[in-house]
Amino acid sequence: MELKGIHHITAITGDAPGNVDFYVRVLGLRMVKKTVNFDVPDVYHLYFADETGSPGSVLTFFEYPGASRGRHGSGMIHTIQWGVGSAEALDFWADRLSSEGFDSSRTGDSLRFEDPEGLGIELVVDPPGQASLAAAWDEVPEEFALRGFAGVKVYGRVPGAREREAAAAGRPILDSGTVLAETLGFEPVAGRPGAYQLAAGGRTSTYAYQEPPPERGFQGAGSVHHIAWACEPDDQPGWQKKVAEGYLNPTPIIDRQYFYSIYFREPSGVLFEIATIGPGFGVDEPLDRLGESLQLPPQHESRRAQLETRLTPLTNPRAGRPAPRIGR
């Protein structure tokens with residue numbers, strides 16, 4: 001078994017209309033699913049991705065209307081990295097963001113900025129050989145489009161900074177580096193202490209620790225809820241068993257309609273998910289109409305009228321505007 005890189009990342013927003021406008025219109029992603037949080041169906045679960053919702057391109061948001069901003073702290077992902085095709089793409093994005101009123105900072109082959117609610121975003125130039133998982137949006141030239149996730153940055157003590165001790169019950173106090181390398185199959189990144197990567201699945205995914213700030217973090221708008229790693233469907237039971245054998249207390253396998261998932265926390269505190277590649281987002285609507293109407297799982301379909309009344313009205317910037325074809 002091997003994990004195939006990032007499957008999706010899920011964050012929190014307090015403003016679904018502004019969130020859709022930023023990620024679809026400004027950043028050029030496609031909204032591939034408009035549904036609800038299966039566990040808390042009174043709130044949206046919005047999915048943004050490439051044209052088909054490929055694993056490695058999917059950023060999702062739970063909307064809690066009016067939620068105050070979170071604060072990034074220890075045990076939290078604070079920056080999401082996307083790959084782009086060239087240094088010229090970074091120039092394009094710096095100009096586009098500036099024209100939309102967003103500040104950015106350029107350092108070598110990366111461009112840093114924040115979304116409207118303070119979530120850290122970094123665009124980095126892809127190394128050779130990376131698959132392109134780009135959406136097609138007529139305001140973003142194909143050669144400058146976001147090409148899929150490159151990784152995340154996490155606030156947490158760099159693994160291996162102190163020796164592990166034995167817990168009173170005989171279960172080890174787990175080290176993040178050991179869990180990533182021995183249980184989940186990550187490789188350390190040469191020359192970057194605290195950075196680990198998965199190289200399977202077409203795009204290299206990096207998970208990098210940084211020393212946390214002194215202030216305690218808390219979740220809210222602009223914070224990451226969890227990160228999911230991709231696996232082959234037939235491997236899901238094996239991953240559940242392996243994670244349990246690593247003392248990480250995974251959930252049972254849960255049907256999320258578009259994939260199957262298990263959840264657990266890595267030792268720094270970040271919530272991990274292992275999600276299957278498929279069935280995919282075409283199970284309940286045609287691929288050419290993804291994200292255009294509210295899709296509900298069977299267990300919540302009886303509440304459709306109530307939910308459609310309570311959920312925030314949304315305008316999809318792509319509605320009525322056919323996307324240009326994009327190469328792969």
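If you go through the stretch 240-262 and keep only what is in a strand (DSSP E or B) and over 15 Å from THR183 (Cβ atoms), you end up with ILE254, ASP255, PHE259, TYR260, SER261.
Being among the β-branched types (Val, Ile, Thr) and surrounded by fewer than 19 Cβ atoms within 10 Å (Cβ to Cβ) is true for just one of VAL224, VAL179, VAL189. Which residue is that? Step through it out loud before you land on a result.
Working: VAL224 fails: surrounded by fewer than 19 Cβ atoms within 10 Å (Cβ to Cβ); VAL179 fails: surrounded by fewer than 19 Cβ atoms within 10 Å (Cβ to Cβ).
Only one candidate passes the filter, namely VAL189.
Taking residues in the stretch 85-103 that are closer than 12 Å to ALA145 by Cβ, and partners anywhere that are among the hydroxyl-bearing types (Ser, Thr, Tyr), the pairs with Cβ atoms closer than 8 Å and at least 6 places apart or on different chains are GLY85/SER132; TRP93/SER104. The single condition among (1) at pLDDT 95 or above; (2) assigned to a loop (DSSP other than H, G, I, E, B); (3) of a type outside the set (A, V, I, L, M, F, W, C) that ARG106 does not satisfy is (2). Looking across the stretch 77-91, just one residue is part of a strand (DSSP E or B) and either more than 30 Å from GLY129 (Cβ to Cβ) or among the small types (Gly, Ala, Ser) (or both), and that is GLY83. Restricted to the stretch 279-328, and to residues there that are modelled with pLDDT of 90 or more and at positive phi, the residue that is surrounded by the fewest Cβ atoms within 10 Å (Cβ to Cβ) is GLY280. Just checking, does the stretch 104-119 include any residue being among the hydrophobic types (A, V, I, L, M, F, W, C), closer than 29 Å to PRO214 by Cα, crowded, with 16+ Cβ neighbours inside 10 Å and under 18 Å from the mean Cα position of the chain (by Cα)? Yes, that holds for at least one residue.
What tally of residues in the stretch 229-258 results from selecting those that are aromatic (Phe, Trp, Tyr) and at positive phi? Spell out how you get there, then give the answer.
Filtering the stretch 229-258 down to residues aromatic (Phe, Trp, Tyr) leaves 229, 239, 247, 258.
Cutting the leftovers down to at positive phi gives us 247.
Residues that pass the stated criteria total 1.
The residue of the stretch 1-52 that is modelled with the lowest pLDDT, among those that are among the aromatic types (Phe, Trp, Tyr) and either closer than 21 Å to ARG96 by Cβ or in a loop (DSSP other than H, G, I, E, B) (or both), is PHE38.
If you go through the stretch 53-76, how many residues are outside any loop (DSSP other than H, G, I, E, B), under 16 Å from the mean Cα position of the chain (by Cα) and either polar (S, T, N, Q) or over 25 Å from GLY278 (Cβ atoms) (or both)?
So in the stretch 53-76, the residues outside any loop (DSSP other than H, G, I, E, B) come out as 58-63, 69, 71, 76.
From what is left, the residues that are under 16 Å from the mean Cα position of the chain (by Cα) are 58-63, 76.
From what is left, the residues that are either polar (S, T, N, Q) or over 25 Å from GLY278 (Cβ atoms) (or both) are 60, 63, 76.
Counting residues in the stretch 53-76 that are outside any loop (DSSP other than H, G, I, E, B), under 16 Å from the mean Cα position of the chain (by Cα) and either polar (S, T, N, Q) or over 25 Å from GLY278 (Cβ atoms) (or both) gives 3.
Pairs are defined by a Cβ separation below 8 Å, a sequence spacing of at least 6 or placement on different chains, a first member in the stretch 225-239 that is closer than 13 Å to ILE6 by Cα and part of a strand (DSSP E or B), and a second member that is modelled with pLDDT under 95 and of a type in the set (Gly, Ala, Ser); the pairs so defined are ALA230/GLY201.
Pairs are defined by a Cβ separation below 9 Å, a sequence spacing of at least 6 or placement on different chains, a first member in the stretch 115-131 that is within 16 Å of VAL26 (Cα to Cα), and a second member that is of a type in the set (Asp, Glu) and buried (at least 17 other Cβ atoms within 10 Å of the Cβ); the pairs so defined are PRO116/ASP15; PRO116/ASP21; GLU117/ASP15; ILE121/ASP115.
Residue pairs whose Cβ atoms lie under 7 Å apart, separated by 6 or more positions or on different chains, with the first residue in the stretch 269-280 and within 13 Å of VAL224 (Cα to Cα) and the second of a type in the set (Ser, Thr, Tyr) and surrounded by fewer than 17 Cβ atoms within 10 Å (Cβ to Cβ), do not occur.
For VAL32, indicate whether it is β-branched (Val, Ile, Thr), crowded, with 22+ Cβ neighbours inside 10 Å and out of contact with any Cys (no Cβ under 8 Å at 6 or more places or on another chain). Yes; evaluated as a whole, the condition is true for this residue.
Within the stretch 97-123, work out how many residues are of a type outside the set (Val, Ile, Thr) and touching a Leu at 6+ places or on another chain (Cβ under 9 Å).
To start, the set of residues in the stretch 97-123 that are of a type outside the set (Val, Ile, Thr) comprises 97-106, 108-120, 122-123.
Filter once more, so that each one left must be touching a Leu at 6+ places or on another chain (Cβ under 9 Å): 97, 103-106, 109-113, 115, 122-123.
Qualifying residue count for the region: 13.
The values are calculated or read from the model by the stated rules, or taken from the named source; none is laboratory data. Here the structure is a predicted model, which is why all the values come from computation and not from measurement. Reconstructed Cβ throughout: ideal geometry from the backbone, glycine too, with neighbour counts over all protein chains shown.
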